[in-house]
Every structure is written in C-alpha cells, then in structure tokens.
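These notes concern the structure reproduced below.
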Amino acid sequence: MASVELDKVTKQFSDGTVAIKDASFTIADGEFFILVGPSGCGKSTLLHMIVGLEETSSGEIRVNGQMINHLDPKDRNMALVFQSYALYPHMSVRENIAFPLIMAKVSKPEIIRRVEETAAILELSLLLDSKPRILSGGQRQRVAIGRAIVRNPEVFLLDEPLSNLDARLRNQMRIELARLHKRLGTTTLYVTHDQTEAMTLGDRLAILNKGVIQQIGTPFELYQQPCNLFVAGFMGSPAMNFFPARIKDDQLCFEPLGLQTAIPGHTDFSKPLDYVIVGIRPEDFYVLSNENDRSEQLIAFDAQVDRVEWLGAELLVYIRLKIDFWPDMSILVRDVGLEKKQGDMLEVIARLDATSTIVKKGDTVTLGFNIDKLHLFDPNTGDRLIT
Ligand SMILES: Nc1ncnc2c1ncn2[C@@H]1O[C@H](COP(=O)(O)OP(=O)(O)OP(=O)(O)O)[C@@H](O)[C@H]1O
Ligand SMILES: [Mg+2]
C-alpha cells in the first residue's frame, strides 16, 4: 500500500508551455482522490509525471516518503488507465488482461490465476475468450481497467476513464468503480473534467485550472466554501449566479435588484473595495408567496420569469435583470462569464422545488434569498472574502 506526495511539482514542456505549476498535495494510503478541471488544464500531464511517462521539470514526487522522480515507469508499481485506452483487437479479453503480466515475465500459472481473479472481480469471467469487438463500451472499459488492476499496483491512476460512455453506462461504471475501490483499497488518483463525477466519487478533490491547483478538500467543503471565483463557478450545476455589488457606507448594494443590505459578518476585506462580486447558488433562492415570508435575514425582490425548465423534481426558473452597474472587472472574471457591460441583460437562475412551486413564463414572482447564503469575492483577485 502507498501514499503519494507531490511537492511543488512543475512541468514545463520544451516549447515553453508550463502545463503544471507548483502542484503540492498528498494522497493518503488507500484514498480515492480526484483531480478535476477543464480541458487542457494539465490533468493528463500530472498523471504522466506521477507514473513516469513525463519527466518532472522541478519538484518531488514521493511514494511512502521515498522520492521516485528518477525511477523508470516499470519500477514504480503504478498502473494507469489511459484517457484513450485501446484494447488489442486481435487478442481475446484473457490475452488483453494478461498482456502486462506477460511483459513483466510473470510465470504462466500465476498469470492464469491472476487473470481469472481479475475477471471475476470485474464480472468478465464469461467473456474471457471473446474478442473486444463483440463487447459493449462498458465491458471494454472494464477490460481496460482489468489490464491495470491485474498487476496489483500500489497506486492506480485513471485518466477520464468514463468519458467515452453514455450517461447511463457512466453512472453504472461509477458505482462499479466505487465498489472496486472499496474491495481492493488501492490508493487511487482519478482524473475527470466532470464536476458531478468528481463530487460523487471522491473522498477528496483537487481542482486544477491552467496548471495551478486551486483548492483541495472534500466535495462538501469545496461546494460550501469555494476559495475563489473559479472553484465557485466550476462546482455545481447549474452554476452559481454572479454579479457585482457596490459597497456604500458599509452596505452591500445590489444594483440590478435595487436592494441593499448590511455586509455579511465574517467578511474579510484586507483592503478597501468599491465593489465585490456576489455569488448565489440557484438552490438558495426561494419564491415568497406573501409578506409574512419575509424576515430580516431575507432579501426579496420582484422579477419577471423569462423561461422555465421543468426537471421533474425541480424547476429551473430563469430571470433576466437589466444591468445598470457593471464595472470593468479583472481578467479573472472571464473564467466565470462576467464579461458584460452596462445595459446588457444578466440571466439569473433559481432552482426551486417543482412539487410546491407553480411558476410559468411571463409571471412576476417574488424571489428571496438569505444573506447567510451569499458568497463574496474580490473582483481583482477572485478570492473568497467570507471566512
Ligand atoms: N508534449 C507537449 N508539448 C507542449 N505542450 C503540451 C504537450 N502536452 C500537453 N501540452 C499542453 O499542456 C497543457 C495541458 O495538457 P493536458 O493534456 O495535460 O491537459 P488535460 O487537462 O489532460 O486536458 P483534457 O481534459 O483535454 O484531456 C495543454 O495546454 C497542452 O496543450
Ligand atoms: Mg487529458
């Protein structure tokens, strides 16, 4: 068993591209750790450095406290399931799974034993003599995983293993992977660009953007306390709503809504700001039906419903607000689609309980939110301001 530790790991390619910058985190022995981030942010590069397919430009990678930077991939006792895995089409499932053991010159009886054991774990026993072309996408994926676990690695790395599967199969494989991890207990690093997959599968996640780790924590921590605008916008679907709010006389003014309120407690302004970026999750809105629903903590405003999406148990209500205050915000906010200007319309999404809410296009509704639910961010750095 193994813990994996990255200490200021950096990768700069020969053309000057810095794909990973100062990545530091530790995956505990037996942990299911997720690395999540948008396409091109450096996920595969990081995995390739850990398994030894790419050299590390600087920093250290340690397994159980021992530096492994200089070790050959074959001496690392790790198995990687590649993003674009390919099975050998002319070989049977049995031969595909056995292949890494044959390459490692494992004895024949041992190969037979381990292949059968792996096939049983992955429910592939009845397919061992089949060729890949007759298998379904999910079965092929399991063969690719089998080829990795048959080596009984200390560390198991998966690079977007489910991205080629349809939604139903992806859900099913996700459950199977969680079960497999429980059974084998192997230290696992799982890479995905899909935040839902990341939230449902991992013990802990690291969020990567443009080669830089943004935040590490449990899915709950990252969702509740995103450390910056990028994490706040990346985790959650539909995404958090953002808009600027001016600060005047210690009050927070929501210009598009014509509202103002005291700045929430625990707000940490290290330097004075004229305005902040407010974030509010779609599920933190309520529909208020009468005056009595209003409390001191609740901010309420009237809005016209632009469109409605009914998702069975929930209702997504889209409202559009005219923007009358929109400062020129820093480059950071482009990550979360805040490139707007005065006079544009801002779309805000509320996610409501469909069983108790009847709202249709064109209705005027009173929406409310609790100020405790607000997230505030620095418009210059994107950093979270509420501690
Ligand atoms: N050999 C290389 N030489 C130069 N740049 C590279 C090389 N390999 C990758 N890159 C660049 O490094 C960055 C990170 O690429 P990487 O493949 O690690 O991203 P990723 O997060 O795995 O993306 P995806 O989700 O699309 O698989 C990209 O900008 C990519 O263009
Ligand atoms: Mg990749």
For N152 and E117 in the same chain, what is the full-extension length gain: residue separation times 0.36 nm, less their Cα-Cα distance, in nm? 11.5 nm
Say each of R320 and E95 gets a label point 7 Å from the Cα, pointing the same way as Cα to Cβ; how far apart are those two points in nm? 6.1 nm
If R0 is 45 Å, what FRET efficiency do you get for K74 and K210 from their C-beta distance, rounded to 0.05? 0.90
One quarter of the C-alpha convex hull surface, i.e. the mean projected area of region 28-164 in nm², amounts to 9.2 nm²
Could you give the length gained on full extension between Q224 and S289, defined as 0.36 nm per residue of separation minus the Cα-Cα distance, in nm? 20.6 nm
With R₀ set to 35 angstrom, the calculated FRET efficiency between the beta-carbons of D15 and D274, to the nearest 0.05, is 0.30
Here the gain from full extension of L298 to K108, 0.36 nm per residue of separation minus their alpha-carbon distance, amounts to 61.4 nm
Per the charge dipole of the chain (beta-carbon charges, Lys/Arg positive, Asp/Glu negative, Cα centre), the residue among Y223, L352, L184 reaching farthest to the positive end is L184
In deg cm²/dmol and to the nearest 500, what is the mean residue ellipticity at 222 nm of the chain if only DSSP H runs of at least 4 residues count, each as -39500 (n - 2.57), divided by the residue total? -6500 deg cm²/dmol
Just the accessible area per residue of region 239-377, please: how many Å² with a 1.4 Å probe? 53 Å²
Using a 10 angstrom Cβ neighbour count of at most 13 plus a DSSP loop assignment to flag exposed GluC sites (Glu not before Pro), which longest range of the chain is free of such sites? 124-295
Could you report region 7-69's accessible area per residue, 1.4 Å probe, as an integer in Å²? 43 Å²
Could you pull out the longest piece of the chain with no exposed loop trypsin sites (Lys or Arg not before Pro) in it, calling a site exposed if DSSP puts it outside H, G, I, E, B and it has at most 12 other Cβ atoms within 10 Å? 106-340
Whole-percent carbon and sulfur contribution to the accessible surface of region 4-233 (1.4 Å, no ligands, DNA or RNA) stands at 51 percent
Per-residue accessible area for D72 at 1.4 Å probe radius, Å² rounded to 10? 80 Å²
Eligible aspartates and glutamates near K105 by straight Cα distance, threshold 15 Å, same-chain separation 8 or greater: D75, E95
Carbon and sulfur: what percent of region 310-370's accessible surface (1.4 Å probe)? 50 percent
What is the chain's relative contact order, in percent, from Cα pairs under 8 angstrom and six or more apart in sequence? 15 percent
Relative contact order (percent, whole number), region 4-233, Cα cutoff 8 Å, 6+ residue spacing: 28 percent
Could you state the principal axis extents of the C-alpha atoms in region 239-377, from the largest down, to the nearest angstrom? 45, 31, 23
Name the residue from N164, L205, V115 whose Cα lies farthest towards the positive end of the charge dipole of region 4-233, charges +1 on Cβ of Lys and Arg and -1 on Cβ of Asp and Glu. V115
Which entries of K11/K182; K108/K131; K8/K74; K11/K108; K21/K322 have Cα-Cα distances beyond 28 Å here? K11/K182; K11/K108; K21/K322
With +1 on the Cβ of every Lys and Arg and -1 on the Cβ of every Asp and Glu, and nothing else charged, how large is the dipole of the chain about its Cα centre, in debye rounded to the nearest 20? 1540 debye
Helix runs (DSSP H) in the chain reaching 24 Å along axis by Cα, Kyte-Doolittle at least -1.0: 167-184
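In what sequence, largest accessible area first, do T355, T366 appear using a 1.4 Å probe?
Descending accessible area places them as T355, T366.
Where the only charges are on Cβ atoms (+1 Lys, Arg; -1 Asp, Glu), what is the dipole of region 161-298 about its Cα centre, to the nearest 20 debye?
760 debye
Count the DSSP beta bridges whose two residues both fall in region 4-233, then state the antiparallel fraction as a percent rounded to the nearest 5.
50 percent
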So what's Rg/Rh here for the chain, counting alpha carbon atoms and using the Kirkwood radius for Rh? 1.06
Using the alpha carbons of region 132-272, what is the convex hull volume per residue in cubic angstrom, as a whole number? 163 Å³
As an exercise, use a Förster radius of 30 Å and the Cβ-Cβ distance of L126 and Q83 to find the FRET efficiency, rounded to the nearest 0.05. 0.60
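The values are calculated or read from the model by the stated rules, or taken from the named source; none is laboratory data. Since we're looking at a predicted model, the values are computed, not measured. Positions of Cβ are generated from backbone atoms using ideal geometry, with glycine treated the same way; all protein chains shown enter the neighbour counts. Ligands, DNA and RNA are stripped out before the accessible areas are found, and what is left, the full protein with its side chains, is counted by its heavy atoms. Shrake-Rupley method; radii C 1.70, N 1.55, O 1.52, S 1.80 Å.
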